[in-house]
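Every number here is computed from the coordinates shown, using simple stated rules; none is lab data. Predicted model, so just to flag it, every value in this text is computed and none were measured. Here the Cβ positions follow ideal geometry from the backbone for every residue, glycine too, while neighbour counts run over all protein chains shown.
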Amino acid sequence: MRIQRVVPVAAVVLAVLGVPASPARAAPAWGTYRWPVVGPVINGFLQPASPYGSGHRGIDIAVPIDSPVGAAASGVVAFAGSVGGSLFVSIDHPDGVRTTYSWLSSIAVRRGDHVSAGEVIGTTGHGHPEIPLDHLHFGARTGDTYLDPMLLLIPPDLSSLIRLAPLAGPA
């Protein structure tokens, strides 16, 4: 019973001091993000065993160099620039997910820009230097936890790949 009284008092004290209450973090919007580029996934997600352990913290999507990259969902650009001589863009989304678009050849946004889902944020570069096929590396995380981006993406429409044979008539 005492704890129930302390929580509201703490909230009032923080409000009086002008400290904003931290909003509850929403759950990732699974299956609602757009594909940033259209192409086959050539390297899947491999969860690292520890924050600094080996793994593949995203997926690689094969596309030609200079293909436009669209924001997977609306959000605010958290980073747009060079890291170790390569171009990267990260976007913070309202559901608490940060997506990252790596190994770009150009960037079309700046930190602080609001972007809409599908809006072009740059163009693809070669991708991971050790992989011979040109691709976009697309990653996602909440806080320090990396997520499999495939779980965020809208499932592709496979209806054009399915061919039904006609039913055999009565014998």
Looking at HIS93, is it surrounded by 14 or more Cβ atoms within 10 Å (Cβ to Cβ) and over 18 Å from the mean Cα position of the chain (by Cα)?
no
Please report, ordered by residue number, the strands (runs of 3 or more DSSP E) entirely within region 38-110 with at least 3 residues that are among the small types (Gly, Ala, Ser).
75-83, 98-107
Extreme residue, surrounded by the fewest Cβ atoms within 10 Å (Cβ to Cβ), among residues of region 128-153 that are in contact with a strand residue (DSSP E or B) (Cβ under 9 Å, 6 or more places away or on another chain) and of a type in the set (Ser, Thr, Tyr)
THR142
Can you name every residue in region 40-64 that is of a type outside the set (Gly, Ala, Ser), surrounded by 15 or more Cβ atoms within 10 Å (Cβ to Cβ) and more than 14 Å from PRO149 (Cα to Cα)?
VAL63
